[in-house]
């Protein structure tokens, strides 16, 4: 009898966990679509589109729509398959976003390590000059980023 209770408990736990996972996926998809709709209503592209352009300079959402339409026509996908394809694309995008976040964090850590190594070879009188040079470079980078943002 105790083995049956354990199996029943594990089964209920698996159902609960799968419900939580499905709920999280649906919620994240709804939030993502709402942010896309909000960006579209403002006439702007989603933030990720500013950094990643696909074939022909299209933003990722345009590329996705084109791919889905091509799959629908050439591979003859039905509506259920299109929904599944959208889910697959959502999952893949989420995984790429996580990889990009991780790479940005690793890149920042590497950059900080480089700055520390450069400061270690400088004399005390050179360090403020280096800090000033870095601040100027950072300000120029921010100006370029703002100018590029204005063009889009």
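Values in this text are rule-based calculations from the coordinates and carry no lab data. Since the model is a prediction, treat every value here as computed from it, not as a measurement. All Cβ positions, even for glycine, are placed from backbone atoms using ideal geometry, and neighbour counts span all protein chains on display.
Brief remarks follow.
- Compared with the alpha-carbon gap, the fully stretched path from residue 143 to residue 81 is longer by 17.8 nm at 0.36 nm per residue.
- Kirkwood Rh in Å, taken over the range 80-152 so that all alpha-carbon pairs contribute: 16.0
- The calculated FRET efficiency for the pair residue 68 and residue 97, based on their C-beta separation and a Förster distance of 22 Å, comes to about 0.70.
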